[in-house]
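Engineer: Got a structure for you, written out below as structure tokens; questions coming shortly.
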Amino acid sequence: MWPICKKELRQFFSSLTGYIAIIVFLLVNGLVLFVLRNNILECGYASLDQFFSFAPWVLLFLVSAITMRSFSDEFRSGTFEILQTRPVTNGQIVAGKFLGAFIVALIALVPTLVYYFTVNHLAATSGIDAGAAIGSYLGLALLTGVFTAIGVCVSSFTTNSVVAFIVTLIASVLFYFGFSAISELALFQNGADYYIEMLGINFHYQSISKGVIDSRDVIYFVSVILFFLFVTAIRLSREARAGRNRQTSLRWIGLLAALVAVNFVASKLHARADLTEEKRYSLTQTTKELTQNLRNKSPFNVFWKGVFRSGFRSPRPSPRGF
């Protein structure tokens, strides 16, 4: 697995294409954050919310460019058959390809830490909430893992890298924002909209990027990554390529059942950690005991006073409550 991962890293950075893709990613995010209209210098408060909202869309193009040649070039050049003669399983091949592309994408995210230190240094009073920033970067890393898994999976279905790039881009957009768009339809405004939106990546990314690490969000991201990697391994298996549909179908059903079961259990047994400095997404034990005895809806009045961090400028309720 590791030799395959090293080969992917070496192949990506052996040409200017890899460096150009990372430079473009950093340049676009930098322009949006500091130069273009409604940039952070015009807003008047220290926050990276704009970066974490826009970065996933640029990340779509970066990851699609990184993963488009993962398997398509191997199929086109005929080196995949040679690779299978080595003492490695299909799972190890898929894991090596995924880790190689994932590490490259993470390397592109590391220089963005400059944004955090720059904005924090420019802040006149209170700087950026470090806990919320950690949660946002963790969400961005998990999101990168999902996009990478999708790209590797798509690349295993075609010999054309351009087709792999386009399909990966479309599939990533659908999984990231598609469920949120569907949930906004009037047809699902009777309560089903919440559950439909919960199926999408954006719901869990927005939740974890607030600085609240919830086990349900982490398990969801890991489940989606494993799903696409298992699909890739099934695709590369000799049974699937030989057309033995029955065995392949059983694997698909078993995979889906296992992931649904794991996420169902996670929804019942879960833990969360509020990393924000003021614990603004958590309730004290006294407040929890008080609200448990309430039988009717009770209004709450919140009074703001003093200088607050940027996260308080537009307080929004959590999609799962506190």
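The values are calculated or read from the model by the stated rules, or taken from the named source; none is laboratory data. Predicted model, so just to flag it, every value in this text is computed and none were measured. Quick reminder, even Gly has a Cβ in these numbers, built from the backbone with ideal geometry, and neighbours come from all protein chains shown.
Engineer: Please go through the range 58-81 and give me each residue that is over 15 Å from Q11 (Cβ atoms) and either basic (K, R) or free of Cβ contacts under 8 Å to residues at least 60 places away in the same chain (or both), ordered by number.
Structural biologist: V58, L62, G78, E81
Engineer: Go through (1) within 20 Å of R235 (Cβ to Cβ); (2) not in a helix (DSSP H, G or I) for L36 and report which single condition fails.
Structural biologist: Among (1) within 20 Å of R235 (Cβ to Cβ); (2) not in a helix (DSSP H, G or I), the lone unmet condition for L36 is (1).
Engineer: Pick out the one residue from V231, V173, V167, V222 that is more than 15 Å from the chain's Cα centre (by Cα) and modelled with pLDDT of 90 or more.
Structural biologist: Going through V231, V173, V167, V222 in turn, the sole match is V167.
Engineer: What's the total number of residues in the range 148-169 that are over 15 Å from F228 (Cα atoms) and surrounded by fewer than 20 Cβ atoms within 10 Å (Cβ to Cβ)?
Structural biologist: Of the residues in that region, 7 qualify.
Engineer: Ok, one more. Tell me whether the range 211-219 contains one or more residues that are buried (at least 20 other Cβ atoms within 10 Å of the Cβ), touching a residue at least 12 places away in the same chain (Cβ under 8 Å), assigned to a loop (DSSP other than H, G, I, E, B) and touching a helix residue (DSSP H, G or I) at 6+ places or on another chain (Cβ under 7 Å).
Structural biologist: Within the range 211-219, one or more residues are buried (at least 20 other Cβ atoms within 10 Å of the Cβ), touching a residue at least 12 places away in the same chain (Cβ under 8 Å), assigned to a loop (DSSP other than H, G, I, E, B) and touching a helix residue (DSSP H, G or I) at 6+ places or on another chain (Cβ under 7 Å).
Engineer: Only one of these is in a helix (DSSP H, G or I), of a type in the set (D, E, K, R) and under 26 Å from F175 (Cα atoms): E8, E74. Name it.
Structural biologist: Answer to the selection: E8.
Engineer: Which pairs do you get when a residue that is within 20 Å of G211 (Cβ to Cβ), found in the range 265-287, comes within reach of a residue that is acidic (D, E) and surrounded by 14 or more Cβ atoms within 10 Å (Cβ to Cβ), reach meaning Cβ atoms under 6 angstrom, with the pair 6+ apart or on two chains?
Structural biologist: Hits for this filter: R272/D214; T276/D129; E277/D129; Y281/D274; S282/D274.
Engineer: Would you mind stating whether L83 is modelled with pLDDT under 80 and in contact with a helix residue (DSSP H, G or I) (Cβ under 8 Å, 6 or more places away or on another chain)?
Structural biologist: When the stated conditions are applied, L83 passes them.
Engineer: Checking L36 against (1) surrounded by 18 or more Cβ atoms within 10 Å (Cβ to Cβ); (2) at pLDDT below 80; (3) more than 15 Å from V119 (Cβ to Cβ), which test does it fail?
Structural biologist: (1)
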